[in-house]
Structures are given as structure tokens and as C-alpha cells.
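Step one of this worksheet: look at the structure below.
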Amino acid sequence: MRRSFTKGDLEAAFQKVGAILQKPLTVYLLGGSAMCFRGQKAGTKDLDLVFTSREDFQDFVSAIGKNGFTEAKQVETEYADMMAAGIWRNKEDFRMDLFVNTVCRALSISGKMVQRSELLGEYGKLVVRLVSNEDVILFKGITERPDDANDIAAIILRSDINWNVVLDECIAQSKTTSWYGLLADKFADIEETQGITVPITGKILELDRQVLVKNALEMRLKKGMSRKDAISDLSKKGFSKKELEGL
């Protein structure tokens, strides 16, 4: 079993990297590592970091390479699915999952996320910012890692969550690729296993159904069906009159 690393371990790693960097760069801390610094978790197995530019990412990788980290060539499926720009480990199995702008090819560091983030500290030339609790929930809500549902539950129990922020960011970032279903499934898991009800689950399920019915209509139209016949067919498939009215 892989060991967990404390916030002291994380800060020591930041100090070493910051001392080597040739120029200042900012990185955004999310996941279990952000939870450690908020007292929501005692330790973490992975350091999840997001960069807003490829140049900053490459400078950071160069620095950790001088600190004994090497890129992992093989990782577990649930980590590979996150589509990291790369995963680096040292001999103690301290692992850094690094992303440039986007996690899981779905959720990006938006301008509002940057505004909501808070400064953790400056470690030499390395500036580390914590993404908000709301945004940690979003990032963990779209992954397949086994501990993420428990982590979301811990955040909810220890924090005052603004669910409107979670919902608004989810809607804003689902315009090109919808991941309402992923988030709804994660919230349903939390309710079933932890007894915690997430107040926006119903709205997210409604939005997911809207995407499903829209995609189903487009598929039928591409096959040559008339709009009237396509809507009639969708009605027979179980979509409600209300869901079909918006098409």
C-alpha cells in the first residue's frame, strides 16, 4: 500500500522546487493535497497540480527532475483516465499528477476558479494557490479514483459549501462536453454510502436529461427522420412532454 504524505512533506517539496526554478511561476493545488492544507485530510497519496501554461509546466518538470523525480511510464487505469500531462514519482513513491489547464479533458481552470483560489504561500520562486472547496468538489466529482467520493463527503462535512458556485461552474464548463452524469453519479454514491444529500443533485440530473434528449434528437435527425417523427419516437422511449417541449 502506498504511503500518505502530510502537508509538511508537501511544503518541503515546494521549497525544494522553488529553490531550483529559474523564474517565478504559479501553480494551482487541488485534490487531496488542497484538503490537507485546510485540515480536511491528514495526508494524501498524490499531489495534484494544475498549470495555466505549457511553459510553466515544463519549467516545473525540469525542476522536479533535478530533485529525483522521474516520469511514470505505467499507471493504474483510474489515473490514466485523468489524462494528466504527466505523472512523476520519486524513490519514496511521492507522486505528482501534473495537468496543463484541463483535468480529464473536461474541467479547466477557468477565470472564476482563479478568482476563487487563495494563496497558500510563496516557496522561493514557486507560488502555490489553493483552488476553492467548491472547485475541489468539481474536480473530484469527474474522476474515477476510489477515494474521491469519500473526500467530497469530508469537504462537505467540514466546510460551508456554496452549491450555487458548484452548479454555475458545472453549467459553464458543460457547454462543449457535458459531464453532468459523472457528477450526479458521484453525488448519488455519496448519498448512498455517507447519508449526505447534495442539494443540487436534482438540478444536475435534470440538466443531464436535457443533454440526453438533445443528443437523441440529433442522432435521429441525422438518420433522416423528420423532427416530428423524431420527437414522437423519443416520447415512446420515455422522455416526458416537458423534456420534449424545449426541442
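Every number in this text was worked out from the coordinates using simple rules, so none of it is lab data. Since we're looking at a predicted model, the values are computed, not measured. No Cβ is skipped: glycine too gets one built from the backbone with ideal geometry, and neighbour counts run over all protein chains shown.
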Among all the lysines, which ones have a C-alpha under 20 Å from Lys223's C-alpha, if same-chain residues fewer than 8 places away are not counted? Lys214, Lys236, Lys237
One-quarter of the Cα convex hull surface for region 102-230, in nm²? 10.2 nm²
In region 33-66, which residues have a backbone nitrogen under 13 Å from the label point lying 7 Å from Arg3's Cα in the Cα-to-Cβ direction? 44-45
What would the Debye formula give as log10 I(q)/I(0) at q = 0.09 Å⁻¹ for the alpha-carbon point model of the chain, no solvent? -0.45
Highest mean packing first, using Cβ neighbours within 10 angstrom, the peptides 38-48, 162-172 sort as 38-48, 162-172
Tell me which trypsin sites (Lys or Arg not before Pro) from region 158-213 have a DSSP coil assignment and no more than 11 other beta carbons within 10 Å of their own. Lys175
At least 18 Å along the helix axis (C-alpha) and Kyte average at least 0.0, DSSP helices within the chain: 7-20
How big is the dipole moment of the chain about its Cα centre under a simple scheme where the beta carbon of each Lys and Arg is +1, that of each Asp and Glu is -1, and everything else is neutral? Debye, nearest 20, please. 580 debye
Connecting C-alpha atoms closer than 10 Å in a GNM of the chain, tell me which of Ala216, Ala149, Ala12 has the biggest fluctuation. Ala216
Cut-off 10 angstrom, C-alpha nodes, Gaussian network model of the chain. Which of Lys125, Lys91, Lys223 fluctuates the most? Lys223
Work out the length of the dipole vector of region 142-247 about its Cα centre, built from +1 on the beta-carbon of each Lys and Arg and -1 on the beta-carbon of each Asp and Glu, and round it to the nearest 20 debye. 900 debye
Within region 14-47, find all residues whose amide N lies under 13 Å from a label point positioned 7 Å from the Cα of Leu157 along Cα-to-beta-carbon. 40-42
